[in-house]
Amino acid sequence: MPTSYAPMPVRNLETMIALRATLRALAGCVLLLPFVCQPAKGFPTAQAHTKHGNMLRTDVLVYGATPAGIAAAISAGRCGHDVILVEPTGRIGGMTTNGLSHADFRTFEGLSGTYLELCRRVHTHYVDTYGPDSPQARDCVRGVFAEPKVNLHVFQAMLDETPSVRVRDGLRLESVELTAGNTDDAVRIAAGEFSGNESSLRVAASVYIDATYEGDLMAAAGVPYRVGREGRSDYGESLAPESADGAVQGYNFRLIVTRDQDNRVPPERPPGYRREDYLAVLPLLAEEKIATVFCDQQGGIYKAHLPALPNAKHDVNDVSRGLVRLSLPDANDAWPDGDAAARRRIFAEHLRHNVGLLYFLQHDDEVPDHVRREARAWGWCRDEFTENGHLPEQLYVREARRMEGQYVFTEHDTRCAADDARGALQRDAIAIGDYALNCHGTGHEGPRYGGRHTGEFYRAAAPYPIPYGVIVPKNVRNLLVPVAVSASHVGFCALRLEPIWASLGQASGFAASIAIETDEPVQDVSVAHLQQRIRDAGGALIYTSDVLPDSPDFAAVQWWGCLGGLHGLSPRLKTPGQRGERLFSQYFAAYPGHAVELDRPLDEALQRRWLDLVATADIPKEAVSSAETRGEFIRQAFQHACTQARQPCRP
């Protein structure tokens, strides 16, 4: 079996507590041509990864090569800044290259920015490799379903095409140095120190981005954070428990399996395997409470997602509300703040449970013959994770630390606006989500096999914009946090999806660039300027079903939506958060009530409302007086706004 990986925590709890005390004392795809964001004249930027003594200097340091971290590095790099991307494991891509290949989103219209670029490049890879009419090109479904090795290949190509980004893997954060900021309660990160088995690295950057799932850099910098659930009275959330606790969502592995005999590797007995740990599953099989070992939705133990991935592979996940679960929410609460030994122990326990159970079902004589035959038909993929015994290197950490930042995203931010099909307006939006409030459980009652998870919920929501404040700390002036974001437990359950994290990562890369160019702390970055860069890169700030990143009107519509122009076009639906027609599995046609209908004539009521709105943006009514359709009005208003700002109106 492979040697299991557990990330090294940056500091033990006592050190973090001491650091906080110190701080209190101080306080008393579109595939667009990359555009270059020129640094402000006279502002000193780091030269390309220059080394001063044992210190490496750069513009932006990104810790964690998750999809968010890669998006952050690429967006900052495309703005002409030098970036060092540090990954604690030996494999970039986070969960997207570690088994989470069945991407979590609801509609194709909700994909944009770097994540859409990834998907389109994946599709191109399968077309170029196997042909446009091949099963592989078909099964990748526009590039959203990819083998982990293909996601890895495409991410690596994207980084290779951004020469100002330098990747250093196998290095874990050991410590950070802080300096006082310009105000009594502000601090800055001066440097970070990283080490691995054979090397170490000390980096000083102008801006730091923590893109780890755990928020390790954030915690080391003394940023306040929460672990666990808030009580219902904290934010008035209906899905929150009555009282707060330290429980986080359950973790499991996203295994990649196949029934293809030519590519199938039989699972081996994991370290620490004990037959008695799995005997309690036998009565469930005998009583036929478990219908099958592998299933596509319910009734089994291992959820082998459909549709299958290219080359007859399946992404395996936890079966929601099942009698036998892969996730162990009663066993992973110590992970977020755990030291190295604690994380190794939790990792090993999940490995024994997820892998050992399948080994038991395939080999134990007391397992019914038909169950063993079905289980033995499945195995790991010979051509995946070849350096790690065909198993993912990372555990699926759904939730760990959550920053207490400038804006706390809660359940309320996923609700529809009053009398509107749309979610609540966020004028400083930097990304969108279109998934749901989704928690696989935070606790367990009863026996491991046959019991039930507690704290589990799944609630639909209309697409929701996400404001800049969720990635911005209150007190550290040169740090952005696009993964361990500022949210309640319930709110985080709507943000914890890789396409959303990638969008927040892209925004953080652009925000870091602006902070460097203007010589300002990240708290003072112009959101309007940031939104312009996100739009220009094909990133969505508000959900639209009929004006997508390919459209020449995309930037204008996104700008208008952030002003509030798209709210009020469609009334509240009978069922808030109603989805379109189911396409397959968890994917749907576009959300109803979210079309802009650019060719639709302006009626008098809408024209009056929009004229009032342009006035708030200091756009004279004469600039839009000739508009007869919605599209003409938005285009004319946007053109005037760009002229005022002396910015090109990029399509």
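Hey, among the residues in the stretch 86-133 that are part of a helix (DSSP H, G or I) and of a type in the set (K, R), which one's nearest to E198 (Cα to Cα)?
R121
Any idea which of (1) assigned to a loop (DSSP other than H, G, I, E, B); (2) closer than 18 Å to A429 by Cα; (3) of a type in the set (V, I, T) is the one I619 doesn't satisfy?
For I619, the exception is condition (2).
Please specify each residue of the stretch 534-548 satisfying the condition of being under 23 Å from the mean Cα position of the chain (by Cα) and surrounded by 22 or more Cβ atoms within 10 Å (Cβ to Cβ).
Passing the criteria: I534, R535, A537, G538, G539, A540, L541, I542, Y543, T544.
Take E411 and tell me if it is surrounded by fewer than 21 Cβ atoms within 10 Å (Cβ to Cβ) and either over 21 Å from K303 (Cβ atoms) or small (G, A, S) (or both).
So E411 does not fit the description; no.
Taking the stretch 587-627, which residues are surrounded by 16 or more Cβ atoms within 10 Å (Cβ to Cβ) and touching an Asp or Glu at 6+ places or on another chain (Cβ under 9 Å)?
Correct list: F588, A590, Y591, G593, H594, A595, V596, L598, L602, V624.
Buried (at least 21 other Cβ atoms within 10 Å of the Cβ), modelled with pLDDT of 95 or more, over 27 Å from T292 (Cα atoms) and under 27 Å from the mean Cα position of the chain (by Cα): is that true of R402 in this structure?
In short, yes.
Results for (1) under 30 Å from I542 (Cα atoms); (2) open to solvent by 50 Å² or more (accessible area, probe 1.4 Å); (3) of a type outside the set (A, V, I, L, M, F, W, C); (4) not in a loop (DSSP other than H, G, I, E, B), shown as yes or no for each residue.
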position	(1), (2), (3), (4)
W335	no, no, no, no
R344	no, yes, yes, yes
H350	no, no, yes, yes
V367	no, no, no, no
Q394	no, no, yes, no
Y407	yes, yes, yes, no
L425	yes, yes, no, no
T442	no, no, yes, yes
H453	no, no, yes, yes
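Checking Y225 against (1) closer than 13 Å to A400 by Cα; (2) in contact with a strand residue (DSSP E or B) (Cβ under 6 Å, 6 or more places away or on another chain); (3) open to solvent by less than 10 Å² (accessible area, probe 1.4 Å), which test does it fail?
(3)
List every residue pair whose Cβ atoms sit under 8 Å apart, with the two residues 6 or more apart in sequence or on different chains, where the first one lies in the stretch 475-495 and is open to solvent by 10 Å² or more (accessible area, probe 1.4 Å) and the second, anywhere, is assigned to a helix (DSSP H, G or I).
Once the first residue is open to solvent by 10 Å² or more (accessible area, probe 1.4 Å) and sits in the stretch 475-495, its partners that are assigned to a helix (DSSP H, G or I) give N475/L23; N475/A27; R477/V522; R477/Q523.
When the residues of the stretch 312-321 are narrowed to those that are buried (at least 19 other Cβ atoms within 10 Å of the Cβ) and not aliphatic (A, V, I, L, M), which ends up nearest to E456 (Cα to Cα)?
Looking at the filtered set, the residue picked out is D318.
Scan the stretch 426-453 for residues that are of a type in the set (A, V, I, L, M) and farther than 20 Å from S488 by Cβ and report the count.
Counting residues in the stretch 426-453 that are of a type in the set (A, V, I, L, M) and farther than 20 Å from S488 by Cβ gives 0.
The values are calculated or read from the model by the stated rules, or taken from the named source; none is laboratory data. Owing to the predicted nature of the structure, the values given are computational and were not obtained by experimental measurement. Here the Cβ is made from the backbone with ideal geometry for all residues, glycine too, and neighbour counts use every protein chain on show. Surface areas here come from the heavy atoms of the whole protein model, side chains and all, with no ligands, DNA or RNA. Shrake-Rupley method; radii C 1.70, N 1.55, O 1.52, S 1.80 Å.
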